[in-house]
Amino acid sequence: MSAAAPATPTSPYRLAIQPGKSIEELKTALIERFAATVDPADRWDLTLLVSRDRLHEAAAFLRDDLALRFDVLLDVIGIDYLSFPDHRAERFAVTYLFKSTVFRHRLKLKVRLDEDDATIASLTDLYPIAEWHERETWDQFGIVFAGHPNLKRLLNHHEFQGHPLRKDYPCQKRQKLSLNDPMLDQLEARLKAKGYQVVSAANGSAQTGAGA
Amino acid sequence: MTFKPVPSAPAIPEPSLEHAGVFLSSAEALVNWSRRNSLWPFPFGTACCGIEFMGVVSSMYDISRFGAELVRFSPRQADVIIIAGTVTYKQAPVLRRIYDQMCDPKWVIAAGACATSGGFYDCYCTMPGIDEVIPVDIYIAGCPPRPEAFLEGIIQLQKKIDGEKFRDSRAMGAERRATTTVAA
């Protein structure tokens, strides 16, 4: 048996563990194509700073390029640098964590956002999981994701005012929720569509707020 | 010469009601006795105290020794609601609604630091104590409380039920006051 010419991998598993582009190649590709810069604050991993306008394009490239295959969006993270020491750049940042289950590599993309215009393109058309991640980021930081199909609060209740993870939100400011079942009308509509007869009015005992 | 004392005649038992198998008591004592010995708890477990409550129910500590083993998962069948865990403001109307669905007479046990005071969650989303939305009968300290503390809370609740008067009871429309605290 000659070990000089290894057999071409045929099984999907063998294909999967073939290395993609090395991290250095990946870095140069992104820097060339999307004018990305390396974030010096990330000391353990690779974070690339991209501009807001290029983010969607860069994410599409990361997902679709056959040598990269970043097929998972692990997380979307909002950052408020308001009380960060010696911070000169824009106030907000959004970090996207990508992972490739094919090549087993990871990458972070970071976008800095100005306080006056904290809007960024949604990635829901590329990664469906981004819908909830972006809802959470909007809920807690007030960063608007343009093109999001359903930008509602995810963690805080629907009567909440403000965005609690912003550093200028007083963290002990509590907000009471007065109305039970904010989705009752949707539930009743769904029941009616299935042929049930809905008896109770929408606000039967729904107005049972705190201290009632 | 000595005289033996004349032995007194044997006492003839008086015909009593007790002897005849009849007992006199107040209706309050009877009703309270039956209520305190068949508490049906509704576990509103939202955090680690709920896990601790499972230990209280199961065989090692065995809450059925106090007649409270029949855990119901419908508020309409429960007598006592045990809030074991953190309650957020988003959850508060849900808790209130479950409490409203319970039939009288009903009692509330706030188990653990979070349910009694919010615990260490001093933040925008956590309710500092469930007594903001529902009246509490027994507070149990601990993070989470030991099963013994849970049982002590049940015993304190039984004592409280024993002392209840119909004219004070919630069934008559009067709001009672929460009083008892169990030390950890």
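Every number in this text was worked out from the coordinates using simple rules, so none of it is lab data. Just so you know, these numbers come straight off a predicted model, no measurement behind them. Cβ sites come from the backbone with ideal geometry, for glycine too, and all protein chains shown count toward neighbours.
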Practice prompt. Any chance you could give the angle, 0 to 90 degrees and rounded to 10, that helix B:48-57 forms with the longest Cα principal axis of chain B?
Written response: 30
Discussion item. If you take every DSSP beta bridge fully contained in the protein assembly as shown, what fraction is antiparallel? Give it as a percent rounded to 5.
Written reply: 45
Worksheet item: Counting other C-beta atoms within 10 Å, which of A:THR137, B:THR86, B:THR126 has the fewest, and how do the rest follow?
Response: B:THR126, B:THR86, A:THR137
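Counting each DSSP H run of 4 or more residues in the protein assembly as shown as -39500 (n - 2.57), what helix-only mean residue ellipticity at 222 nm follows after dividing by all residues, to the nearest 500 deg cm²/dmol? Write out the running numbers ahead of the final one.
Values: 10 runs with 101 residues, N = 396.
My calculation for the protein assembly as shown gives -7500 deg cm²/dmol from helical runs alone.
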Practice prompt. Counting other Cβ atoms within 10 Å, keep those with at most 11, restrict to DSSP loop, and tell me which chymotrypsin sites (Phe, Trp or Tyr not before Pro) in the range B:1-104 are left.
Written response: B:PHE3, B:PHE23, B:PHE73
Fill in: Ascending count of other beta-carbon atoms within 10 Å, so fewest first, for A:VAL38, B:VAL57
A:VAL38, B:VAL57
Response to the item:
Checked the range A:23-199 with the C-alpha gyration tensor, a ≥ b ≥ c its square-rooted eigenvalues, rounded below a/c of 1.5, otherwise prolate if a/b is larger than b/c and oblate if not; verdict oblate
Item to complete: Only bridges with both residues in the range A:23-199 count here: give the DSSP antiparallel percent, nearest 5.
Response: 75
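Could you calculate the FRET efficiency of B:GLU148 with A:LEU155 from 1/(1 + (r/R0)^6), where r is the beta carbon distance between them and R0 is 41 Å, rounded to 0.05? Walk me through the intermediate numbers first.
Values: r = 36 Å, r/R0 = 0.87.
Calculated transfer efficiency: 0.70.
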Worksheet, complete the sentence: Distance in Å, no decimals, from the C-alpha centre of the range A:122-188 to the one of the range B:92-155 is 28
Worksheet item: For chain B, what is the percent of antiparallel DSSP beta bridges, rounded to the nearest 5?
Response: 5
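Just want the ordering: B:CYS49, B:CYS123, from fewest to most Cβ atoms lying within 10 Å of their own Cβ.
Values: B:CYS49 28, B:CYS123 14.
So the residues, fewest neighbours to most, are B:CYS123, B:CYS49.
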Fill in: Label point distance in nm, B:SER26-A:LEU126, each placed 7 Å from Cα along Cα→Cβ
7.5
